[in-house]
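The values are calculated or read from the model by the stated rules, or taken from the named source; none is laboratory data. In this text, all values refer to a predicted model and were calculated from it rather than measured experimentally. Because the Cβ atoms are built from the backbone with ideal geometry, glycine has one as well, and the counts that use them run over all protein chains shown.
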Amino acid sequence: MSPTKPNPSVTPRELLSAWGRILRGKSPMLSIEITRECPLNCPGCYAYGATHLGGEVLLRELNDSRGDALVNGVLQLVRKHRPMHVSLVGGEPLIRHRELSAILPALSGMNVFTLVVTSGVIPVPIEWMKLPRVRVAVSVDGLPEHHDVRRKPATYERILKNIEEREVNIHWVITRPMLERPSYLEQYVSFWSARPEVNRIWVSLYTPQKDERSAEMLTSADREFAALELNVLAKKYAKLLFNEGIARAFVHPPKSPEDCLFAKMSANYSADLQTRVEPCVFGGTPDCSQCGCIASSGLHWIRNVKVAGPLQVGDFVRASIRIGSLVNRLKRKSEQPSRWGARNPRPANRPKFVQIKT
């Protein structure tokens, strides 16, 4: 393996392709929680929060699919939305590794870029490494002193064993306790940069829900420190995906879902493959003023890039969403996310089937 420094810029061809999808009423990015099951019990996990799906139902109460039903359901959603990129999350998606071993080759054959986000608690099938346009990201939240407590049984020891001879990305969510030691950030980046299995390192800041009060939350000063330190480390460690634009977005995140390019360009489904997760992958009522999502931050700074005279990426996206919403209305469909019509009330997520615990 020979990891190279990723280029976080968006090419004109990629932007044109994304705009084309939005103009047709489609979402360029698709995220699917393919299972409600997870062997972990991480504090602060947004997926199992009471408001993640709007308060009507919990993730663990959804009637999820498996076997051919899951494979066909995921592929049906992809054909429906025709996205450029698909994220398969959970729960713990590798609980459905057999189904994924059918889904991933199919998506690769459709020229769709696919990301599987896992805790690393289950071995990553080595045959996935040969699939074009498929990437696996392992969530590692801090050094062992924090991660092994938060994410047991997906400990460092287990993760290193389960990614051996594979190639993965590492995704790190920074919480406030990790900033108490000045050298902490570099110790983390240095450790994972030295691993031959690691291709890239992505970093997010902890994103709270509105009115949340927890020890994980960062202050404004914490965000500024982390952004500055990570920007310095990115120049020293080639595997760290970070730049000045992302640093600015960490310090000045989107003000609301209507201001977030990532929320505008993505469609998100929960484990029954019907219930929508809104306004973004966090669901519930995320505090956008404290957003630290790497996907949101990466697109937030790109939106100000000029592409034609004074026109910026954000201008094209907003215009495309208006046209795409009109296209959907003309087709008598309402598949666009509710955030595409920000002045309308958020529709209730009501699944057709709910499992009742006895």
**Q.** Complete set of residues in the stretch 84-100 that are outside any helix (DSSP H, G or I) and either hydroxyl-bearing (S, T, Y) or without any contact (Cβ under 8 Å) to a residue 40 or more places away in the chain (or both)
**A.** S87
Q.
Step by step: first the residues of the stretch 57-66, then only those that are closer than 20 Å to R98 by Cβ and in contact with a helix residue (DSSP H, G or I) (Cβ under 7 Å, 6 or more places away or on another chain), then the one that is surrounded by the most Cβ atoms within 10 Å (Cβ to Cβ). Which residue is that?
A. S65
(Q) Condition first: in a strand (DSSP E or B) and surrounded by 14 or more Cβ atoms within 10 Å (Cβ to Cβ). Can you find one or more residues in the stretch 178-192 that meet it? (A) no
Q.
I'd like the residue in the stretch 67-89 that is touching a Lys or Arg at 6+ places or on another chain (Cβ under 8 Å), more than 18 Å from E278 (Cα to Cα) and at pLDDT below 95 and, out of all such residues, is surrounded by the most Cβ atoms within 10 Å (Cβ to Cβ).
A. M84
(Q) Looking at (1) among the aliphatic types (A, V, I, L, M); (2) in contact with a Gly (Cβ under 7 Å, 6 or more places away or on another chain); (3) closer than 15 Å to C293 by Cα, which one does A227 not meet, given that it meets all the others? (A) (2)
(Q) Among the numbered criteria (1) under 16 Å from C280 (Cα atoms); (2) part of a helix (DSSP H, G or I); (3) not small (G, A, S), which one does I103 miss? (A) (1)
Q) Would you pick out the residues in the stretch 36-90 that are of a type in the set (S, T, N, Q) and closer than 19 Å to V116 by Cβ? A) S65, N72, Q76, S87
**Q.** A226 vs. criteria touching a residue at least 40 places away in the same chain (Cβ under 8 Å), under 21 Å from W172 (Cβ atoms) and either surrounded by fewer than 18 Cβ atoms within 10 Å (Cβ to Cβ) or out of contact with any Ser or Thr (no Cβ under 9 Å at 6 or more places or on another chain) (or both)
**A.** yes
(Q) With small (G, A, S) and at pLDDT 95 or above as the only criterion, which of S214, S190, S256 stands out? (A) S190
Q. Can you spot a residue in the stretch 264-277 that is polar (S, T, N, Q), farther than 26 Å from V140 by Cβ, in contact with a strand residue (DSSP E or B) (Cβ under 8 Å, 6 or more places away or on another chain) and touching a residue at least 24 places away in the same chain (Cβ under 8 Å)?
A. yes
Q: Inspect all residues belonging to the stretch 239-252 and state whether any of them is in contact with a His (Cβ under 9 Å, 6 or more places away or on another chain) and among the charged types (D, E, K, R).
A: yes
Q: Go through the stretch 90-108 residue by residue and tally those that are surrounded by fewer than 20 Cβ atoms within 10 Å (Cβ to Cβ) and either of a type outside the set (G, A, S) or within 16 Å of L77 (Cβ to Cβ) (or both).
A: 5
(Q) It is to be established whether one or more residues within the stretch 139-155 are assigned to a strand (DSSP E or B) and under 19 Å from C38 (Cβ atoms). (A) yes
Q) Restricting the stretch 197-223 to residues that are of a type in the set (G, A, S) and surrounded by fewer than 19 Cβ atoms within 10 Å (Cβ to Cβ), which is nearest to V140 (Cα to Cα)? A) A215
Q.
I need the full set of residues from the stretch 219-253 which are more than 30 Å from I163 (Cα to Cα), modelled with pLDDT of 95 or more and touching a Phe, Trp or Tyr at 6+ places or on another chain (Cβ under 6 Å), in order please.
A. R223
Q: Identify, from the list A227, A234, A247, A221, the residue that is touching a strand residue (DSSP E or B) at 6+ places or on another chain (Cβ under 6 Å), in a helix (DSSP H, G or I) and more than 25 Å from L94 (Cα to Cα).
A: A234
Q) Filtering the stretch 160-196 down to residues that are without any contact (Cβ under 8 Å) to a residue 60 or more places away in the chain, touching a strand residue (DSSP E or B) at 6+ places or on another chain (Cβ under 6 Å) and β-branched (V, I, T), which residue is farthest from E127 (Cα to Cα)? A) V189
Q. Inside the stretch 95-115, can you point out the residues that are within 17 Å of K130 (Cβ to Cβ) and within 20 Å of the chain's Cα centre (by Cα)?
A. H97, L100, I103, L104, L107, S108, N111, V112, F113, T114, L115
